[in-house]
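The values are calculated or read from the model by the stated rules, or taken from the named source; none is laboratory data. None of the values given here were measured: they were computed from a predicted structure. Heads up, the Cβs are rebuilt from the backbone with ideal geometry, glycines too, and the neighbour counts pull from every protein chain shown. Surface accessibility is based on the protein's heavy atoms, side chains included, excluding ligands, DNA and RNA. Shrake-Rupley method; radii C 1.70, N 1.55, O 1.52, S 1.80 Å.
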Amino acid sequence: MKKKIISTILIIGMLASLLGGCGGWNEVSLGTETVENVGVSTETDNYKYEQELNIIDDNYRNYYEIFVYSFYDTDGDGIGDINGVTEKLDYIKDMGFNGIWLMPIMPSTTYHKYDVVDYCNIDKQYGTLEDFKNLLKEAHARGIRVTIDFVMNHSSSQNPWFLDACSYLKTLGENEEPDASVCPYVDYYHFSRQGKDGYKIVTGTNWYYEAWFDYIMPDLNWESDALKEEFKKIADFWIDLGVDGFRMDAAMHFEENDVDFNTEVLNWFYNYCLSKNPDFYMVSEVWSDKSTIANYYASLTPSMFNFSVCGAEGPIIKAARSGKSASKFVDAMIDYQNTYSVKNPDFIDAPFLSNHDQVRVANSMPGNTNSLKMAAGLLLTMNGSPFVYYGEEIGMMSTGQKDENKRLPMVWSKTDLNGMTNGPFNSDKEFESVKLGVDEQEQDPDSLLNFYKRALRIRNENPEIARGTVEKINSLCNGSQAAITKTYEGSVIGIVYNTSLEEAISVDLTGTALEGMDIRGYLSTTGAEVTIDEQILDMPAGTICILK
Ligand code: CA
């Protein structure tokens, strides 16, 4: 019922932009015009703080991580494809994302494609290079930058480099050493006559090769100058096509856990990419603790995924789930700022809730949409470039620990199966990852999806959120309540959090850094309104308020 009425309202174009966190339509004020009694008697969307967008065209972006295989299928084979991403660019833009990270798209032997057979092409399951060029064109036309997964720790064992090297090794006599002038590819990998930790045997020989992740993923040798030249050409290929950034897979493994060596490789490669495109972006996977991540910022590359903030034990989910640790969340924000900036003053944090290798965030708070909204609100008020994993915006869950079940089909609709993918071969097809699809959530102003949309909108209205220097307002921080300022190029905003999903708070701004500020926008998990009167900010349970 509610859904139907809201749909009718949506047709009234003037009102469409007002739709957001909460329902109800007794009276909606539109400047001098007033629309009365549209027909819903339950709740009221009193949100009246929509601001002009103020999107700066730099590398601070709102990223959406896409597993192409499970996203959207345009040719009916049940496998998502490049054209499917293109078809959903309007959705992505409409949500407020202005960057996408595509998990690997290059030809590969596996469904996940983290073992690359050919570094300069598109996997046939996903489409063609022409499809990809079209995606780039359409993304750029919408102000969306495209970052692709770049797997240079290892190749596929079916990569011609590896196959050639192994064939060559088979021709060598017992005491004969490999000669790179005969077969250059022997230098691309770590071959050894001794079996050791992390090494696998080259079938039919007495040689071994390094392969920490899997025997089908031989580790590349980053001491090789020939390999570096090879990867310069690969970077040329993608950057010349128009790719805007690389997501560096497994960066702490180039040389197993050798920080100095790996940061040098990252620095060299980033500088090469910058020489091709001064705006080039790079974000690296260093799946480790905060101090190790900080050490990798010494590479002077822009971003490291913030593995310290994600997951069930991270400060976001802890605060969202318990409702109690807003203050600790703010402390964590300041800690990242201090710890990472020491190594790279220009760092752009890359926080996220979960990714394709992790149990989905919704599993931490099953069935609790308001906690999920709060988690989204905390993430999307953090500095840097937040990454949202496809399906998080509708509350999709994963099942068990198997990777395939963390990469289930995006649920566009429960009724219209057009474009629905089958998901990975070994995934659990019976598992219901979410109750409501995108189409249903789009129609419901109270949905998780619309909460994400408003949070991203507020981020796009206020560049201070991503870029501002954070300062904690100690006198307003206690348990479920916390307050900060963010200052960017002389412009100061305040953010006040009430993470409690049970208790409202009244915050007296008098005598604080927020005194005299007005509401600039807010996020409300229940739709209840945030108001301000005479320096008293009234925040219902589960709200985040932006002040300026
Ligand atoms: Ca397909």
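With the highest mean first, a sort of the peptides 101-114, 332-345 on other beta-carbon atoms found within 10 angstrom per residue produces 101-114, 332-345.
To the nearest 10, the accessible area of VAL470 is 10 Å² with a 1.4 Å probe. Applying 0.36 nm per residue to the separation of ASP164 and THR339 and subtracting their alpha-carbon distance, the gain on full extension is 58.5 nm. In the context of the full set of protein chains, residues of the range 469-547 present 40 Å² of accessible surface per residue (probe radius 1.4 Å, heavy atoms only).
What lysines sit close enough to LYS343 to cross-link, taking a C-alpha to C-alpha distance under 18 Å and skipping anything fewer than 8 places away on the same chain? Straight-line reach from LYS343, under 18 Å: LYS290. Helical runs (DSSP H, four residues minimum) scored at -39500 (n - 2.57) apiece and divided by the length of the chain put the mean residue ellipticity at 222 nm at -8500 deg cm²/dmol. With the charge dipole of the range 469-547 set up from +1 on Lys and Arg Cβ and -1 on Asp and Glu Cβ about the Cα centre, the Cα lying farthest toward the positive end among the listed residues THR487, GLY516, SER475 is that of THR487. For an R0 of 25 angstrom, estimate the FRET efficiency from the Cβ-Cβ distance between GLU229 and LEU129 and round to the nearest 0.05. After rounding, the FRET efficiency stands at 0.65. This model, with +1 at the C-beta of Lys and Arg and -1 at the C-beta of Asp and Glu, gives the range 125-193 a dipole about its Cα centre of some 480 debye.
Ranking SER224, PHE431, ILE66 by how far each Cα lies toward the positive end of the dipole of the chain (charges on Cβ) leaves PHE431 at the top.
Normalised by residue number, the volume inside the convex hull of the Cα atoms of the range 469-547 is 81 Å³ per residue.
Excluding ligands, DNA and RNA, the accessible surface per residue across the range 160-210 is 58 Å² with a 1.4 Å probe. Take every DSSP beta bridge whose two residues both sit in the chain; close to 65 percent of them are antiparallel. With the full set of protein chains in place, find how many percent of the accessible area of the range 469-547 is carbon and sulfur; take the probe as 1.4 Å. The nonpolar share, carbon plus sulfur, comes to 40 percent. What you get for the chain, charging only the Cβ of Lys and Arg (+1) and of Asp and Glu (-1), is a dipole of about 860 debye around the Cα centre. Once both labels are positioned 7 Å from their Cα atoms along Cα-to-Cβ, the gap between GLU489 and ASP214 label points is 4.5 nm. What the phi angles of the range 508-513 give under the Karplus curve with 6.51, -1.76 and 1.60, with θ = phi - 60°, is a coupling list of 8, 7, 4, x, 10, 5 Hz, glycine and proline written as x. Within the chain, the proportion of Cα pairs with more than 30 Å between them is 52 percent. Structure note, pairs LYS93/LYS276; LYS276/LYS472; LYS124/LYS196; LYS373/LYS472; LYS48/LYS133: Cα-Cα distances above 31 angstrom occur for LYS276/LYS472; LYS124/LYS196; LYS48/LYS133.
Rounded to the nearest 20, the Cβ-based charge dipole of the range 160-210 about its Cα centre (Lys and Arg +1, Asp and Glu -1) stands at 200 debye. Of the residues GLY395, ALA180, ALA141, the one whose Cα sits farthest towards the positive end of the charge dipole of the chain is GLY395 (charges of +1 on Lys and Arg Cβ, -1 on Asp and Glu Cβ, taken about the Cα centre). Per-residue packing, averaged as other Cβ atoms within 10 Å, sorts the ranges 173-182, 522-531 into the order 522-531, 173-182, beginning with the highest. With R₀ fixed at 30 Å, the C-beta to C-beta distance from ASP508 to ASP260 puts the FRET efficiency at about 0.05.
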